[in-house]
Amino acid sequence: MKKILLCTASLFVANQVSAAPNLQGYYQAKELVSYTVNKIQQNKAEFFMLDYALTKPAQPQAQFLANNDALGYFQAKNSGMNWEEFKRIVQKVNPEGLRDQYVCRTDMSGVKLAYIAKRDEGCSGNYDNKSMAISQKDTKVTFFRRWDFDPMQSHFEIQSYDNNVSANTETLTMDYVFKFEGRWIGDSVRVIKGQSVLNDSSTQPTYDVAYYQYSPRSRSGLIPGAESLLYSDSPYFITDNTEDTAVDNSANHVAKTVFNTFGVMDSNYQGRNVNTDGSVYWVSRDYVNQYTLENSTKAYFVSDPQNFVIDISMTGPFDSWVQVDATDWDPEKGTDQASSGGWVSHAFNNIHNITSVSPTFCMIEDIAKGRPVTGYFTEDGKMGWVPSMNDCKAVDPGYVPKVYSHFINGNGEEVTFSSLRQSAQDIIYVRKQNPQGEKELLTLDDVKAMKSSPRYLQIKRDLSQRLAWAKPYDILK
């Protein structure tokens, strides 16, 4: 397997510490793969001086490193790079990286450690109060950042890259932790990239993606508590032929993979059958299908975005539903007559990580057809109207139009409608290619089975363990 190579064209410079946490299920898993790879690539630029320091022998005192020497070493390892572009990236993510520096290089129980230091500083394993550090243990390199946003609160960001040639896997992890009311909280991402031989003898990359997030309710009650774990029921691969199989059954095609999010939400919830101020389990299950765009290329969307909510006692009534474009009135299933275009909205909003507003089907159709993008709200702006996708001009009295000039995504960036037009056309074009809501809805038995499954328990144990450490940011383990 080839290593993840640094490419300046794909370097991703960002301030956020997690990948689009508002995305759901499969769409978040897809984003996590791209985000995590790009974040590790960014670290190659941000930490290149410390990466060079790992090649030096350990010393009891800080040693001087010349920037030109580090650049020469890095260039030798990354031939063909545009160096002017590389220097611009370093200048943006770590301006100190383009200067000569003193660095501490120590060995700690088989772990190489390096961190930025002061001249004549004695070296030890105490990197905790440094803004940047790097460690290497066997095939794993770990990057450490400390962010002091205020004198009383330190946040720690840890990313690791483990290229295990013998196992033919690359494991990328990202953790972001800080202490809140005496408890460590944060989130953890893990992406394991492997390979599978398929039934046609081809070799395809596989992905095992998981994301864990934990935050307790604040003592004041103003900040709700939440805990969630996103994972797929198996590692997956993507090919144009959805009938492809891995000969050793080590992975499934993405169209035969289910993506689950099992969460606890500690806040007010009001639904069709559940109405509580206490904690609820909120479980999501995504079935993915292959779709063919108008230009004949293949694309993947969630065909059945399912949700299930129940009190954490797992007793009493529950809400179980799926996002679809239209529903028939069915008193037995408890569904209303509806034509909101919810499937299109769910897919489009997740694909583009839209956070400023949740565009309705009609707004997405406006984008696709180049019309003014119009939403409808009460005069005070507190309530919105979702028109029927069959008649976008039919709006109840009391709602007034609001014409948008752009959207804002989860990165805080303005998204122009011209950049979304082809995507809007695509999602409307494919919406009828696969049946919506064809899978059985989540049941309480499904949720109990998910919560007790070995895969769920193992992944949760692996990803939550840092928060149980006295030093969850420890890079010497």
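The values are calculated or read from the model by the stated rules, or taken from the named source; none is laboratory data. Just so it is clear, the model here is predicted, and its values are computed rather than measured. Because the Cβ atoms are built from the backbone with ideal geometry, glycine has one as well, and the counts that use them run over all protein chains shown. The protein model used for the area step is the full one, side chains on, heavy atoms only, and it has no ligands, DNA or RNA in it. Shrake-Rupley method; radii C 1.70, N 1.55, O 1.52, S 1.80 Å.
Quick notes
- Around the amide H of GLN195, modelled in the peptide plane, lie the amide H atoms of THR206, all under 5 Å away and 5 or more residues distant in sequence or on another chain.
- In the complete set of protein chains, residue-level accessible area for ARG371 is approximately 90 Å², probe 1.4 angstrom.
- Peptides 123-132, 268-277 ranked from most to least packed, by the mean per-residue count of other Cβ atoms within 10 Å: 123-132, 268-277.
- Extended-chain gain in nm, criterion 0.36 nm per residue less alpha-carbon gap, LEU441 and GLN465: 5.4 nm
- R0 of 35 Å, Cβ-Cβ distance ASN295-VAL415: FRET efficiency to nearest 0.05: 0.95
- Computed as a quarter of the hull surface, the mean projected area of the alpha carbon convex hull for the chain stands at 26.2 nm².
- Across the chain, Cα pairs under 8 Å and at least six residues apart give a relative contact order of 10 percent.
- For the pair LYS118 and SER34, a Förster radius of 41 Å applied to the C-beta separation gives a FRET efficiency near 0.60, rounded to the nearest 0.05.
- The listed residues ARG455, ARG421, once ranked by accessible area (1.4 Å probe) with the largest placed first, stand as ARG421, ARG455.
- Computed magnitude of the charge dipole of the range 168-314 (debye, nearest 20; Cβ of K, R +1, Cβ of D, E -1): 520
- Inter-label distance for GLU85 and LYS393, nm, one decimal - labels placed 7 Å from Cα along Cα-to-Cβ: 4.9
- For SER232, the amide hydrogen comes within under 5 Å of the amide hydrogens of VAL209, ASN260, counting only partners 5 or more places away or on other chains and with H modelled in the peptide plane.
- Positive-pole candidate from VAL288, THR378, LEU198, dipole of the chain, charges at beta carbon: LEU198
- Dipole axis of the range 170-316 (+1 Lys, Arg; -1 Asp, Glu on Cβ), positive-most option in SER232, PHE262, PRO216: PRO216
- Taking amide H atoms as placed 1.01 Å from N in the peptide plane, the amide H of GLU121 lies under 5 Å from those of ALA62, each 5 or more residues away in sequence or on another chain.
- Across LYS298/LYS402; LYS369/LYS402; LYS30/LYS112; LYS118/LYS179; LYS193/LYS471, pairs whose alpha-carbon gap is larger than 23 Å: LYS298/LYS402; LYS30/LYS112; LYS118/LYS179; LYS193/LYS471
- Heavy atoms of GLU31: accessible area, 1.4 Å probe, square angstrom to 10: 70
- The chain - charge dipole about Cα centre, Lys and Arg +1 at Cβ, Asp and Glu -1, debye rounded to 20: 1560
- Computed from point charges on the beta carbon alone (+1 for Lys and Arg, -1 for Asp and Glu), the dipole magnitude for the range 392-477 about its Cα centre is near 300 Debye.
- Per-residue ³J(HN,Hα) for the range 116-125, Karplus 6.51 cos²θ - 1.76 cosθ + 1.60, θ = phi - 60°, Hz, x for Gly and Pro: 5, 9, 9, 4, 6, 6, x, 9, 8, x
- Annotation for SER267 and ALA338: the two label points, set 7 Å from Cα along the Cα-Cβ direction, are 2.0 nm apart.
- Couplings 3J(HN,Hα) for the range 343-352, derived from phi with the Karplus relation 6.51 cos²θ - 1.76 cosθ + 1.60 (θ = phi - 60°), are 5, 4, 4, 4, 5, 5, 5, 6, 4, 9 Hz, where x marks Gly and Pro.
- Average accessible surface for the chain: 49 Å² per residue, computed with a 1.4 Å probe over protein heavy atoms with every protein chain in place.
- Karplus-derived 3J(HN,Hα), 6.51/-1.76/1.60, for each residue of the range 402-413, Hz, glycine and proline x: 10, 8, 9, 9, 5, 10, 10, 9, x, 8, x, 9
- Rounded accessible area of SER388 (nearest 10 Å², 1.4 Å probe): 40
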